[in-house]
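The values are calculated or read from the model by the stated rules, or taken from the named source; none is laboratory data. It should be emphasised that the depicted structure is a prediction, and the values quoted were computed from it without experimental measurement. So basically every Cβ, Gly included, is an ideal-geometry build from the backbone, and we count neighbours across all protein chains shown. Surface areas here come from the heavy atoms of the whole protein model, side chains and all, with no ligands, DNA or RNA. Shrake-Rupley method; radii C 1.70, N 1.55, O 1.52, S 1.80 Å.
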Amino acid sequence: MPSWSSRGDSHNNEREQGGYQDQSYSNVPSSPSVTDPLQPPVRSPMSQSSPRNNYIRSPLNPNAVGTGSRSRPVSWGLDKTVADSITGRPQGTAGSDGSSGSSGDGRDIALRAVQSGAIGSGLGPYAPIRPPYTQNPEPPRHHHRFSTLSSAGSLISLSDSKYPMMYGGGPQSNAHLTGSFLPYSDNPTIDYVTGAQLGDDDDALHDPNPAIKDKTFGIPWRGVLNVLLVFAIISGLIMLFAGYPVLTYVVNGGTWYGTAPGINGTGQFADLPNLPALIDPQTPESAKTRTGVDGEDYELVFSDEFNTDGRTFYEGDDPFWEAVDLNYWATADYEWYDPSAITTENGALVITLDSIPNHDLFYRSGMLQSWNKFCFTGGYVEVSVVFPGDQNAQGFWPAAWTMGNLGRPGYGGSTDGLWPYTYDSCDPGTLPNQTDSTGQPALAQSSGKGSGTLSYLPGQRLSACTCSGEDHPGPTNSKGRGAPEIDVFEAEKNKLGGPGGQTSQSSQFAPFAASYLPINDTTFRTLYTPDRTSYNTFLGSTTQQSLSTLTNMDPSNFQNGGMNFSVYGVEFGPNTSNRPAAYINWVAAGEPSAGMTAGATGPDPSVEIGQRLVSEEPMALVFNLGLSKSFQSVNLPTLSFPAKLYFDYVRVYQKKNSINVGCDPKDYPTADYINKHMNAYTNANYTLWSQAGYTYPKSSLLNGC
């Protein structure tokens, strides 16, 4: 922008070229000269005798003193000569208002100017501000971006007005109108005068042309398309966040994949590239289906091939697994389970037991769990494994097993009163020691080991006898719940006196039959490979009843015996409509080894108990390598360290018409209950439910409701 001094020089030059004459300014502005369009208004000398407070009252100056009228220019600043030429009056004729020079108010003058063409010719955003001059010589021109100095000393841009200062006049006139401004009018007749057809090239909505209006107010196809696009986007979002979950629920046969709030679990992960999925993408296609021992068709629902080396399993590291940090005191283990003892290498999961002091213990090992992360109800679990040490090692306790999600292995407060209950009857079997307050049934006090007490269990905490309104996971308080255990394998040195090692494959139950005996052994139990599999003579103790078999192992399946992987598995089918028909089948060294039906754990009237169930609970996976005399006496000279338990893969299958994956199924919920009792599930130092700060719910059979 030029400085004021430069603009002054410019004006001086223009005075020389255009015949400007210097005039003194007065307080009262007058119209510019028609002859010199840009000549400043002439002001009369200020009267020194005029009182300075002789002003007109107004809303902006309510305290003004004096009644004198102020001289005003012609309405809207129109030059008197121009106004007279517009109205057709002789110059100097008095108007209707008594003023000299023009007739009517400013609106009338502007209206007549538009009608006559004096104003309005060449309007529009693309019209030239000043049409070519017809006068010769042509006066000097000023670009419309410059401004004219007003009588108040302020700048007013020529482009600020709807009708900028420009050369005009009717078709008969060569006069040019300058130095005046026509502000916006609230009279539509000025903007849209019949015959004038004033329009705006970039504002079709206000164009008086009827044809333009018809086009403008037709069907707005662009707007329709915009609305349809917004509708499509909103519909897509609704389908993604509301429709897709419902569709998944229907496709999966009404099964939600859920877990406790705030805890990572199955169903919380979309099957997206580079993100965790239930089925490992490296699982071979040939391994995605199988025919079960029961002759049914199964399909893969979960797998982990452990092909990525260097994985860790600290809390939060993995979506489906977590390595615990505790001592497994329940079986008097000699080792501390530390997450650092578990990793993946050479395409396998490796759990290392070593003679490294840890937490005042002499050994360190690992336990891996899928508790509350991945669970399944019924199906077939298969692992490919190499055992630690060699076939003569005695004392190692490698295991792969499953437990109901209501109990967390190693957290005694959570398993207190739940392990190994798999029971849904309201009878003495739910009571502490399986006896009532009078000591009945009597056989429960004399049919244990050495004719002693049958059970030392504290009673089923979540029994079918739970009173209404008491603390219970549901779905109703009359549903018996527990944390049953079914093992894939536990390995040991041959306990029958022969060479080599053996795998024990078992299931634990509570309450207990008299003397821990199964019912009708030969009718409800089967040995598929009697040449290398036999029934285990261990039947139970005061803390469990066990049905198990022992199968001889191949020496090449050991860490120091050939490192050949061997397949072990367990297939179990709960049957809620016919519970005695439920079954368990085991696989050892790639072949079916043994089986049983729930008839083997049927009612035992002698101790007043009913049917023990093949687990109907959602089950989690557990892999661990322990060292304890509770399983077998420890012979240290036969053990070498570090000892390693290898898993090449783990795969879980379910029947095609019975897919039920998740830790919180609707028929056996666990999430809310776990979330309400987190002390018991997160503090391994609590060995009892009461230590975690909770009480057993009232039982109608024990204390009454």
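A compact table of results
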{"quantity": "Per-residue ³J(HN,Hα) for region 358-367, Karplus 6.51 cos²θ - 1.76 cosθ + 1.60, θ = phi - 60°, Hz, x for Gly and Pro", "calculated": "7, 6, 6, 10, 8, 9, 10, 8, x, 10"}
{"quantity": "Arg532-Thr248 FRET efficiency (beta carbon distance; Förster radius 56 Å; 0.05 resolution)", "calculated": "0.80"}
{"quantity": "Span from the region 630-673 Cα centroid across to the region 438-508 one, whole angstrom", "calculated": "18 Å"}
{"quantity": "Exposure of Leu228 as accessible area (Å², to 10), given a probe of 1.4 Å and all protein chains", "calculated": "100 Å²"}
{"quantity": "Exposure of Ser468 as accessible area (Å², to 10), given a probe of 1.4 Å and all protein chains", "calculated": "110 Å²"}
{"quantity": "Contour excess over end-to-end distance, with Cα ends at Leu228 and Ala330 and 0.36 nm allotted per residue", "calculated": "30.2 nm"}
{"quantity": "Label point 7 Å beyond Cα of Thr476 along Cβ direction - residues of region 611-649 with amide nitrogen under 13 Å", "calculated": "none"}
{"quantity": "Accessible-area ranking of Lys479, Lys676, largest first, probe 1.4 Å", "calculated": "Lys676, Lys479"}
{"quantity": "Greater than 32 Å apart at Cα, pairs in Lys449/Lys698; Lys644/Lys666; Lys373/Lys698; Lys656/Lys698; Lys629/Lys656; Lys288/Lys666", "calculated": "Lys644/Lys666; Lys656/Lys698; Lys629/Lys656"}
{"quantity": "Shape category assigned to region 664-705 from the gyration tensor of Cα positions, a/c cut at 1.5", "calculated": "oblate"}
{"quantity": "Accessible carbon and sulfur surface of region 287-379 relative to its total accessible area, %, 1.4 Å", "calculated": "46 percent"}
